[in-house]
Amino acid sequence: MEKELEGRNVNLPKLHGAHVPHRKNTAGCAPVRMPVPASVTIPMSMHIGAPAVPTVKVGETVKVGQLIAAPGGFVSSPVYASVSGKVKKIDDMLMSTGRFMKAVTIEADGEQQVLETLAPPDVTDLASFLNAVRDSGVVGLGGAGFPTAVKLSVKDLKQVEAVIINGAECEPYVTSDTRTMLDDADWIRQGIELLQKYMQVPRVIIGIENNKPQCVKTMSDMAAKLKNVEVKALPPLYPQGGEKVLIYNTTGRIVPEGKLPLDAGAIVINCTTLAAIAKYVATGMPLVEKVVTVDGSAVKEPRNVIAPIGASMQSLFDFCGGFREEPRKVLYGGPMMGIAVPNTEFPVMKNTNAILALGEKDAVLPEPTACIRCGRCVDACPLNLMPAAIEAAYNRRDVDKLRALHANLCMECGCCSFACPAKRMLVQTNKLAKGLIMADNAKKKAEAEEKAKKAREKAGKEAAVK
Ligand code: SF4
Ligand code: SF4
């Protein structure tokens with residue numbers, strides 16, 4: 001590690017995080033394809049950035065792999081039909097974020113006819129590789145949803161000193177990346193070769209928590225066939241898969257505040273994302289399905305399911321035998337960073353790696369008690385933030401103090417809440433605190449613009465009088 005740090009950030013903090021129970025019940029379950037659902041509802045925003053714009057009309061017949069929505073801007077991603085059938089409606093739907101978003105509903109014909117014109121893209125250089133990544137519809141499949149083509153569009157390739165492949169998969173329950181590493185090692189290899197060939201990536205590091213020895217072995221065997229690729233087995237300390245945490249733990253480098261991984265010489269790409277890019281380049285089939293871990297104490301038969309994008313959560317739970325008890329909480333993603341949804345009709349999206357249904361015992365949170373100033377939340381925070389102080393500042397709505405405490409840096413990993421013996425809702429408060437800072441920033445910006453506008457008007461009037 002010391003050698004890694006030469007000429008870099010030597011003033012490193014100690015490692016922080018939480019020893020969460022892993023509950024990787026489905027790690028040994030190879031993914032099983034679910035039957036084609038009667039219909040799919042595909043949102044136009046399954047990524048960060050501008051929503052995609054529908055290119056199909058109600059009543060139109062579509063085939064698997066057919067474009068149904070074009071990117072709505074540079075930071076956006078195309079969307080493809082995951083089933084063959086007829087477009088039933090294009091309407092607003094409520095997303096898990098609480099916002100409404102346009103979605104295309106396709107009534108499936110059950111035949112899964114593939115678009116005949118699909119063909120591998122012509123990739124010959126960096127530009128055509130990036131075009132292929134964009135056309136694949138692949139976004140950060142580990143959950144982030146950032147369009148991968150944008151992430152890889154680097155102005156100066158010399159900036160990229162290392163690509164870090166994220167195989168940490170540190171969230172409890174979730175095993176879809178584990179299955180990618182075990183079942184799709186060759187696609188990951190092909191993805192690495194594409195990065196090495198077209199982006200001249202000098203060094204590739206695959207970061208995996210060492211509680212997945214089979215993955216470490218499979219990836220090490222694969223890496224041995226390539227040049228400049230190494231596997232780093234990391235301690236199982238949540239959130240090992242957090243971008244900044246992974247960069248630090250694999251290279252010893254710190255992403256400066258307000259900067260991007262590239263400023264630390266790194267690009268982080270999820271292992272399933274990389275495999276999906278390689279599949280598209282080899283086959284021409286864009287991203288239309290996902291491996292989703294279906295688990296939680298309310299689920300009868302937890303397993304990994306290959307689901308068409310847009311399939312309802314309920315159809316996946318049904319495929320897993322339904323519920324053993326009425327779920328008290330349903331989540332997109334794992335229990336630490338997952339998002340709770342009010343019903344099971346929400347669809348599988350590009351960045352859905354797991355859906356959980358938790359029974360009474362796991363879902364009901366204990367009543368918080370008073371802070372005892374033990375400092376465990378501070379000790380647990382991987383970013384060295386002070387969650388108890390942020391909570392106090394938020395309760396006073398003290399935006400300046402929240403800024404001084406760098407509340408905006410919180411990555412909402414939940415380690416502080418997990419560590420807190422008083423069971424205070426720290427991560428929830430942090431989210432609200434970030435919202436308060438954003439709202440204050442927007443207010444200040446609007447005030448500054450109004451002031452500038454008035455100054456311009458005044459200057460204009462004075463000029464007219466002269
Ligand atoms: S303050 Fe934010 S980054 Fe730190 S532990 Fe809590 S949720 Fe994670
Ligand atoms: S861990 Fe909980 S009780 Fe301890 S200082 Fe933080 S908020 Fe207070």
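The values are calculated or read from the model by the stated rules, or taken from the named source; none is laboratory data. Please read all numbers here as calculations on a predicted model, not as lab measurements. Here the Cβ positions follow ideal geometry from the backbone for every residue, glycine too, while neighbour counts run over all protein chains shown. Ligands, DNA and RNA are stripped out before the accessible areas are found, and what is left, the full protein with its side chains, is counted by its heavy atoms. Shrake-Rupley method; radii C 1.70, N 1.55, O 1.52, S 1.80 Å.
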The residue that is surrounded by the fewest Cβ atoms within 10 Å (Cβ to Cβ), considering only those in region 316-335 that are touching a residue at least 60 places away in the same chain (Cβ under 8 Å) and either among the aromatic types (F, W, Y) or closer than 23 Å to D184 by Cα (or both), is F319
Output for Cβ contacts, cut-off 6 Å, separation at least six or different chains, first residue outside the structural domain of I205 (by TED's automatic domain parsing) and farther than 16 Å from A276 by Cβ in region 169-192, second open to solvent by 20 Å² or more (accessible area, probe 1.4 Å) and in a helix (DSSP H, G or I), reads none
When restricted to M313, M386, the only residue in contact with a Phe, Trp or Tyr (Cβ under 6 Å, 6 or more places away or on another chain) and either touching a residue at least 12 places away in the same chain (Cβ under 8 Å) or within 15 Å of ligand 1 (Cβ to nearest atom) (or both) is M313
Considering residues that are out of contact with any helix residue (DSSP H, G or I) (no Cβ under 8 Å at 6 or more places or on another chain) and part of a loop (DSSP other than H, G, I, E, B), the number found within region 162-199 is 6
D109 passes all but one of the listed conditions (1) more than 25 Å from the chain's Cα centre (by Cα); (2) closer than 17 Å to I192 by Cα; the exception is number (2)
### Message
Given the criteria assigned by TED's automatic domain parsing to the domain that holds P51 and crowded, with 17+ Cβ neighbours inside 10 Å, does V160 qualify?
### Response
no
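Sort out which residues of region 217-251 are among the aliphatic types (A, V, I, L, M), in a loop (DSSP other than H, G, I, E, B) and closer than 15 Å to G17 by Cα, and write them in order of number. Lay out the reasoning, then the answer.
Narrowing region 217-251 to residues among the aliphatic types (A, V, I, L, M): 219, 222-224, 226, 229, 231, 233-234, 237, 245-247.
Filter again for in a loop (DSSP other than H, G, I, E, B), leaving 224, 226, 237.
If the condition is that a residue be among the aliphatic types (A, V, I, L, M), in a loop (DSSP other than H, G, I, E, B) and closer than 15 Å to G17 by Cα, then L237 is the only one that fits.
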Subset of region 345-361, residues over 19 Å from Y238 (Cα atoms) and touching a Pro at 6+ places or on another chain (Cβ under 8 Å), comes to P347, V348, M349, A357, L358, G359
- Among the residues of region 280-296, is any of a type in the set (F, W, Y) and touching a strand residue (DSSP E or B) at 6+ places or on another chain (Cβ under 7 Å)? no
- Message: Given the criteria out of contact with any Cys (no Cβ under 6 Å at 6 or more places or on another chain) and free of Cβ contacts under 8 Å to residues at least 24 places away in the same chain, does R396 qualify?
- Response: yes
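Residues to consider are G252, G207, G241, G296; find the one that is in the same structural domain as G334 (by TED's automatic domain parsing), open to solvent by less than 30 Å² (accessible area, probe 1.4 Å), closer than 24 Å to C416 by Cα and in contact (Cβ under 8 Å) with a residue 12 or more places away in the chain.
On the way: G252 fails: in the same structural domain as G334 (by TED's automatic domain parsing); G207 fails: in the same structural domain as G334 (by TED's automatic domain parsing); G241 fails: in the same structural domain as G334 (by TED's automatic domain parsing).
Residue meeting the stated conditions: G296.
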C416: passes all of (1) at pLDDT 95 or above; (2) within 24 Å of L260 (Cβ to Cβ); (3) within 16 Å of ligand 2 (Cβ to nearest atom) but (2)
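Can you find, within region 307-344, the residue that is farthest from V40 (Cα to Cα) among those that are in contact with a helix residue (DSSP H, G or I) (Cβ under 6 Å, 6 or more places away or on another chain) and assigned to a loop (DSSP other than H, G, I, E, B)? Spell out the reasoning first.
Of all residues in region 307-344, those in contact with a helix residue (DSSP H, G or I) (Cβ under 6 Å, 6 or more places away or on another chain) come to 307, 328-329, 344.
Subsequent filtering for residues that are assigned to a loop (DSSP other than H, G, I, E, B) retains 328, 344.
Numbers: R328: 25, T344: 13 Å.
If we take residues in region 307-344 being in contact with a helix residue (DSSP H, G or I) (Cβ under 6 Å, 6 or more places away or on another chain) and assigned to a loop (DSSP other than H, G, I, E, B), then R328 is farthest from V40 (Cα to Cα).
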Scanning region 141-156 residue by residue, those surrounded by fewer than 24 Cβ atoms within 10 Å (Cβ to Cβ) and of a type in the set (S, T, Y) turn out to be S153
Of the residues in region 336-363, those that are open to solvent by 20 Å² or more (accessible area, probe 1.4 Å) and more than 14 Å from the chain's Cα centre (by Cα) come to A340, P342, N343, T344, E345, E360, K361, D362
Among the residues of region 257-303, the number that are part of a helix (DSSP H, G or I) and of a type outside the set (D, E) is 16
Condition first: within 14 Å of ligand 1 (Cβ to nearest atom) and under 23 Å from the mean Cα position of the chain (by Cα). Can you find one or more residues in region 396-406 that meet it? yes
Checking P387, P368 in turn, the sole residue that is open to solvent by less than 60 Å² (accessible area, probe 1.4 Å), more than 30 Å from S176 (Cβ to Cβ) and within 15 Å of ligand 2 (Cβ to nearest atom) turns out to be P368
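If you take the residues of region 371-384 that are within 12 Å of ligand 2 (Cβ to nearest atom) and not aliphatic (A, V, I, L, M), which of them is nearest to G242 (Cα to Cα)?
Going residue by residue through region 371-384, those that are within 12 Å of ligand 2 (Cβ to nearest atom) are 371-381.
Imposing the further condition that a residue be not aliphatic (A, V, I, L, M) reduces the set to 371, 373-377, 379, 381.
Values: C371: 27, R373: 27, C374: 25, G375: 22, R376: 20, C377: 18, D379: 17, C381: 12 Å.
Looking at the filtered set, the residue picked out is C381.
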Within region 354-383, the count of residues that are within 16 Å of ligand 1 (Cβ to nearest atom) and of a type in the set (G, A, S) comes to 2
